[in-house]
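To start, the structure under review is shown below, and the notes come after it.
Just so you know, all these numbers are worked out from the coordinates, no wet-lab data involved. What you are looking at is a predicted structure, and each value in this text was computed from that prediction instead of being measured. Here the Cβ positions follow ideal geometry from the backbone for every residue, glycine too, while neighbour counts run over all protein chains shown.
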Amino acid sequence: MNMTKLKEEVIEYSKTIGIDKIGFTTAAPFTELKNRLLQQQMLEYQSGFEEPDIEKRVDPAKIFAGPQSIIAIALAYPSKLKNAPQSKKGERRGIFCRASWGMDYHVILRNRLTKLEQFIASKVPHARFKSMVDTGELSDRAVAERAGIGWSGKNCSIITPEFGSYVYLGEMITNIPFEPDTPIEDRCGTCNKCIHACPTGALVQGGQLNAQRCIAYLTQTKGFLADEFRTKIGNRLYGCDTCQTVCPENKGRDFQFHEEMKPDPEVVKPLLKPILTISNREFKEKFGKLSGSWRGKKPIQRNAILALAHFKDETAIPDLIKLLNDDPRPVIKGTAAWALGKIGGKEAKEALIKVKSKEKNNEVLTEINKGLSFFE
């Protein structure tokens with residue numbers, strides 16, 4: 001079989017199904033990555049959402065019999081919200097990060113990878129594949145970097161010359177020996193804008209992230225947010241784009257190539273107060289198709305409470321008092337108590353004093369006391 005011709009055909013076909021960039025690399029182990037992952041593990045910088053077995057993350061042969069090469073794909077996503085509603089007094093809004101606009105990207109990329117598998121299988125009947133997006137064992141970034149999709153930026157994103165870092169990544173291990181592409185040279189140079197701009201100092205140094213401090217990770221946690229991060233989250237409901245928006249490589253980049261990625265402004269920049277009392281069904285109907293809904297409504301509700309505190313939105317005080325009195329979940333109840341103290345005012349203080357005498361949960365009591373401490 002003419003492998004050069006097959007590779008050309010795969011590249012041509014990929015363009016017809018909405019793959020914006022495609023690259024090929026070997027299935028050799030990612031030895032450099034292994035050392036980095038071991039260091040991250042030792043420093044406790046991991047988020048906990050990753051595949052725990054480092055061997056599987058760095059060696060394609062551990063998860064696929066007889067791997068010969070890996071195909072990496074990238075799809076560019078929008079970065080500008082058209083007709084964005086204004087966040088104003090009494091009608092404050094939160095924001096989902098750009099990677100959670102439109103339809104869940106896992107669904108979009110799996111669709112493209114499935115079509116690519118079917119095309120290759122029609123050309124090579126004995127072809128086998130294992131495709132993955134984000135939640136697979138391999139590191140999407142390591143594969144994309146080695147396949148020449150882009151370089152690994154200091155902000156820990158793959159940066160492509162064409163689309164900046166506003167790309168979703170996916171990959172496919174196969175038993176077909178495609179000719180590998182050449183990696184792209186790093187263009188970050190002496191620029192450290194992302195490192196300086198990170199709100200929590202999660203970017204320890206260029207290319208090293210302490211995921212435990214990263215707002216994108218913190219917005220997805222389900223428990224109480226540590227005090228030091230509560231005032232850093234701003235109005236973010238899910239994810240964080242700061243290290244991307246300050247990147248010079250992303251300046252003026254906005255790609256509206258894919259219909260299913262186009263955001264609904266009312267969904268990705270929603271009013272905060274209605275989120276506080278949203279039912280499971282309403283949450284699923286409104287936010288269910290976003291990748292940012294995967295952890296359910298509780299983290300989004302907690303983040304909405306923190307956003308209202310960030311805005312010092314006095315019109316939210318009755319809603320927060322209702323949560324403090326009626327919500328059965330300690331995290332929501334306690335965060336509401338903290339937020340009432342942060343917003344301040346006579347009504348908030350009286351509500352905290354009143355509920356303190358009856359509250360039995362120690363975690364909630366701690367938060368009530370934190371709320372009351374704002375009045376001292």
Checklist entry - Which whole-number percent gives the relative contact order of the chain, counting Cα pairs below 8 Å spaced six or more residues apart? => result 20 percent
Checklist outcome for this item: Footprinting proxy, L225, L308: sorted fewest to most Cβ within 10 Å, the residues are L225, L308
Checklist outcome for this item: Dividing the helical contributions, -39500 (n - 2.57) per DSSP H run of n ≥ 4, by the residues of the chain yields a 222 nm value, nearest 500 deg cm²/dmol, of -11500 deg cm²/dmol
Checklist entry - For the charge dipole of segment 96-234, defined by +1 on Lys and Arg C-beta atoms and -1 on Asp and Glu C-beta atoms about the Cα centroid, which residue among C97, G150, L116 has the Cα displaced farthest towards the positive pole? => result C97
Next on the checklist: Could you derive backbone 3J(HN,Hα) for segment 112-118 from the dihedral phi with the Karplus parameters 6.51, -1.76 and 1.60 (θ = phi - 60°), listing whole Hz in sequence and x where the residue is Gly or Pro?
Outcome noted: 5, 5, 4, 4, 5, 4, 4
Next on the checklist: Run the numbers for E285 and K56: contour at 0.36 nm per residue of separation, minus the present Cα-Cα distance, in nm.
Outcome noted: 78.8 nm
Next on the checklist: Can you give me the angle between helix 330-343 and the longest principal axis of the chain, using Cα atoms only, in degrees from 0 to 90, rounded to the nearest 10?
Outcome noted: 70 degrees
Checklist entry - Taking amide hydrogens as modeled 1.01 Å from N in the peptide plane, which residues meet the under 5 Å criterion relative to Q208, leaving out close sequence neighbours? => result none
Checklist entry - In segment 312-376, with Lys and Arg counted as +1 and Asp and Glu as -1 at Cβ, which of these residues, N325, T366, G344, has the Cα nearest the positive end of the dipole, that is, farthest along it? => result T366
Item to check | In range of the label at D181: residues from segment 93-135 whose backbone nitrogen is under 11 Å from the point 7 Å along Cα→Cβ | outcome: none
Item to check | In degrees, nearest ten, helix 3-16 long axis to first principal axis of the chain (Cα) | outcome: 40 degrees
Checklist entry - Dividing the convex hull volume of the Cα atoms of the chain by its residue count, what figure in Å³ per residue is obtained? => result 146 Å³
Next on the checklist: Relative contact order for segment 237-376: what percent, with Cα pairs under 8 Å and sequence separation of 6 or more?
Outcome noted: 19 percent
Checklist entry - What are the ³J(HN,Hα) values, in whole Hz, obtained from phi via the Karplus relation 6.51 cos²θ - 1.76 cosθ + 1.60 with θ = phi - 60°, for each residue of segment 65-73 in sequence order, with x given for Gly and Pro? => result 6, x, x, 10, 7, 10, 9, 10, 10
Checklist entry - Got the relative contact order for segment 278-360 handy, in percent, Cα pairs under 8 Å and 6 or more residues apart? => result 25 percent
Checklist entry - With charges only on Cβ, +1 for K and R and -1 for D and E, what is the dipole size of the chain about its Cα centre, in debye, rounded to 20? => result 1180 debye
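Multiplying the sequence separation of M1 and K222 by 0.36 nm and subtracting their Cα-Cα distance, what value in nm do you get?
Result for the pair: 74.3 nm of gain on full extension.
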Next on the checklist: Apply the Karplus curve 6.51 cos²θ - 1.76 cosθ + 1.60, θ = phi - 60°, to the phi angles in segment 123-138 and return the couplings in whole Hz, x for Gly and Pro.
Outcome noted: 8, 10, x, 8, 5, 10, 9, 9, 9, 8, 9, 6, 9, x, 6, 6
Checklist entry - Residues in segment 328-345 near a label at L365, defined as backbone nitrogen under 12 Å from the 7 Å Cα→Cβ point? => result none
Next on the checklist: For S87, S357, S69, which order do you get if you count the other beta carbons within 10 Å of each Cβ and list the fewest first?
Outcome noted: S357, S87, S69
Item to check | Sequence-distant residues sharing a close amide H with K21 (under 5 Å, placed H) | outcome: A74
Checklist entry - Mind checking the dipole of segment 150-224: about its Cα centre, +1 per Lys or Arg Cβ, -1 per Asp or Glu Cβ, Debye to the nearest 20? => result 580 debye
Next on the checklist: I'd like the distance between the alpha-carbon centres of segment 107-172 and segment 45-83, rounded to an integer number of Å.
Outcome noted: 7 Å
Item to check | Order of M42, M103 - criterion: other Cβ atoms within 10 Å of each residue's Cβ, fewest first | outcome: M42, M103
